[in-house]
Amino acid sequence: MTRITSWHGAPSRPLYTPPAGAIDAHCHVFGPMADFPFSAKAKYLPEDAGPDMLFALRDHLGFARNVIVQASCHGTDNSATLNAIAKANGKARGVAVVDPAISAADLAALHDGGIRGIRFNFLKRLVDDAPKDKFLDVAKRLPAGWHVVIYFEADILEELRPFMDAIPVPLVIDHMGRPDVTQGPDGVDMKAFRAFLESRDDIWFKATCPDRLDQAKDGIGGDPWNAFADAVAPLVADYQDRVLWGTDWPHPNMQDDIPDDGHLVDMIPRIAPTAELQRKLLIDNPMRLYWPEEA
Ligand code: 0GY
């Protein structure tokens, strides 16, 4: 496999200034490979995008903290994520991917390393299997205060409902379960996602990834991601206490239309137009999930 660079080499400085203390609540690190080799089962092989690069981007974009989500290319070995958290001097926490048979002692060690949740990935292009029964088993014995992050695409939302309904801790849905934002705010996918959010008051979501959900095609879509802004702003307004935001840097797997991270930050006022919404999205909500002792 050829190693790929999936991030912008010189992102612009955003026009929008995040409030002091803002959190990028969805990002990743890759390697560095010499210290933290990629999984033998990785579906893509990235160039190194380690903690120093992540923290430089954080500062460049005007953010204060990161939530680092274990990327599929590192499998269930969370050392690269833990290394980045350790280097952040308290300014990062994380989400792990674990072998569902993980011991209580190993879960406790992850907690000590700054992990506050685990991720279940249902994207077939990223993982070979996603055993719901085993996932449910581990979800039932997580350390206190943890949550489960779930990554799926809109077409399997209904199929996953019984599984997700049985998870006894808060759920955080990556990229809103990848709706087709070109259907608009009242499209079939957004309606189904709203019905899911209505089913429990502890389902959170990330209003992230315009670059993945609103791609340029036939002269429509792409940066400045107007369909994303139109479809997502009402969702943020209606569920303002359970929404998170993140860059998704280093944008795993993106090869065409790699987003300018400065432009991604400039989407924030378009989906959260008031200072109050921005404070909830960027500070209050992620602090409650990842730094509850300070929130
Ligand atoms: C994302 C999205 C993707 C990849 C991963 O763990 C991963 O490799 O999450 C994707 O390819 O859609 O949120 O980072």
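Only residues that are part of a loop (DSSP other than H, G, I, E, B), touching a residue at least 12 places away in the same chain (Cβ under 8 Å) and within 14 Å of the ligand (Cβ to nearest atom) were counted in region 119-132, giving 6. Contact map, region 221-239: first residue closer than 12 Å to L264 by Cα, second residue of a type in the set (G, A, S) and in a loop (DSSP other than H, G, I, E, B), Cβ cut-off under 8 Å, separation 6 or more or different chains; pairs are G222/A216; D223/A216. Residues of region 75-89 include at least one that is within 12 Å of the ligand (Cβ to nearest atom), in contact (Cβ under 8 Å) with a residue 24 or more places away in the chain, surrounded by fewer than 21 Cβ atoms within 10 Å (Cβ to Cβ) and not hydroxyl-bearing (S, T, Y). Answer yes or no: is there a residue in region 38-45 that is more than 16 Å from the ligand (Cβ to nearest atom) and more than 20 Å from G114 (Cβ to Cβ). The answer is no, given that none of the residues of region 38-45 is more than 16 Å from the ligand (Cβ to nearest atom) and more than 20 Å from G114 (Cβ to Cβ).
Residues that are buried (at least 24 other Cβ atoms within 10 Å of the Cβ) and in contact with a helix residue (DSSP H, G or I) (Cβ under 7 Å, 6 or more places away or on another chain) were ranked within region 90-99; the one that is nearest to L57 (Cα to Cα) is A92.
Please go through region 133-163 and pick out each residue that is without any contact (Cβ under 8 Å) to a residue 24 or more places away in the chain and more than 16 Å from the ligand (Cβ to nearest atom). Correct list: D133, A144, E159, P162. Listed here are the helices (runs of 4 or more DSSP H) enclosed by region 188-295 that have at least 3 residues being within 16 Å of the ligand (Cβ to nearest atom) and at pLDDT 95 or above: 210-213. Tell me, which residue of region 162-180 that is at negative phi and in a helix (DSSP H, G or I) is nearest to the chain's Cα centre (by Cα)? By that ranking, first place goes to D174.
The values are calculated or read from the model by the stated rules, or taken from the named source; none is laboratory data. Worth saying up front: this structure is predicted, and the values here are computed from it rather than measured. Neighbour counts run over all protein chains shown; Cβ positions are idealised from the backbone, glycine included.
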